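What follows draws every value from the coordinates through simple rules; no lab data is involved. Note that the coordinates shown come from a computational prediction; the quantities given were computed from them, not determined experimentally.
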Amino acid sequence: GRRISFSSAGLGMGTFPKEANVCEPTINVALYFETCPSVQALEEVASKILEYERCSGIPVGTDGKNDWHFQQLSDIPVSKLVRTFQASGDEAIHALIEEHVNTDDLRNTMTTNTNTMVERDGLPWFELVRFVNTGKGKSAVVLRIDHTIGDGVAVVNIFENVATYADGTLMKELIPSSMSKKFQKKRSFWAGVVVMFFKLIVSFFRVLTLAATKFDDDYTFRRCVQKDMTYSGSRKQIIFPEIPLDFVKSLKNAQEVRGDKTTINDVMFAAVSQMLHDYSKAHNDPTLQKGAKLQSRVLMPVALPRPAVVNEINRTTSLSNRWVLLSVDIGVGITGAVERLKTITATTSKLKNSPIALVQNFVQSKVAPLLPVTVTRQTVYDTFIRHSMVLTNVPGPKKPAEFGGEEVDSCQLFFCNLIPNFNVLSYSGNIYCCLSIDSDA
């Protein structure tokens, strides 16, 4: 098979030191329904997903070497890629989903209906799990896909080809045009490399020293992230009430009236910042007295440009991991909501006009492969534990969609990580948020 990028290989061989005991990186997209799609319908979806090269094989290679590729599997039993569990009521369904997100890693074992663990021999690293609600409330289907196969944009690309709108048409180009413009803007950087030389040097220094920067201040929420921490194996998926997209847009527009060119992402960042501020305030946290000087950073995944999907062959080989993590201070210590959004807008605008994402990608793809794998893993670990959380934002369809022949009512994104992971997913006029966190910390 074709060699895969060091970013994908790193996810396959493990990005953290073994002693940190971090779980395998699994992206879980939960779709909720009034009527759960049938097994047969989901097996047809699974067959379409198998058309992708990375979804019909497993990654193989040598730790620390640039020989990783997807080894294609033969005679894949599609029926084993769709599993079914039952529970009564919304709370029981969520508890069951949470259990599977915590325990089934897609690489080695999976839970059966009798609550025993069996090997996943001969199966690719994805599956569709049905959670049928036998009582009141919604059923769910969770697409579980190992991060080695691809990033959030790759998962969106899969949905473009297996989900439909209500009229039966396939979804195309779910990634907003505004993101495409951002990608184009990044591509044009190299034409002005001489003008950007100083920014390039500064960005290179920041990337190389990020793992050695000061730890975030010890405010209340941050205390669940400790030096020398290990993954406990237990994560709660805390679901927030859905937020109407029009309401978020109204906040964005109100800020722009004040003269600040802001974005919906900035508003969501400010909302998360306000949440952490209020949580600390409720615990009478004296750290808040630092105000704007309180250091409270998140790691923000940023998607990078990738080749356009222009034909069927190109589509089946299009999945990849082209993203970097950027460090962003979200101003938890700031008191006023307007000032909070203004500060965050200024911070993200500075990032957009900086080459730091491209520099991070260069270091990640060209420098990291030259280092011992123990060094790269320790660098990732040291970077994560210095931050308060990972904040992920993935776009979804703007209008109602069908999956497996049934209309999707709502959705959530679940991802377990070493540090808390706040996930934002948009769908059909609403924004859905979930916080993955160690409840015992």
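Once you divide the Cα radius of gyration of the stretch 245-355 by 2.2 N^0.38 Å, the number left is 1.34. Per residue, the convex hull around the alpha carbon atoms of the stretch 1-62 comes to 123 Å³.
Within the listed set PHE422, PHE269, PHE247, the Gaussian network model of the chain (springs between alpha-carbon atoms below 10 Å) gives the highest mean-square fluctuation for PHE247.
Quick note on the chain: its Rg to Rh ratio, both from C-alpha atoms and Rh being the Kirkwood radius, is 0.94.
Using the scaling law 2.2 N^0.38 Å as the reference, what is the normalised Cα Rg of the stretch 285-441? Kindly include the intermediate steps, with their values, before the conclusion.
Numbers: Rg = 18.7 Å, N = 157, 2.2 N^0.38 = 15.0 Å.
Scaled against compact globular proteins, the figure is 1.24.
Here is how the number arises for the chain: DSSP H runs of 4 or more residues each give -39500 (n - 2.57), the sum is divided by the residue count, and the result at 222 nm is -10000 deg cm²/dmol. With one equal scatterer per alpha carbon and no solvent term, the Debye-computed log10 I(q)/I(0) for the stretch 13-112 at 0.15, 0.23 1/Å reads -0.83, -1.45.
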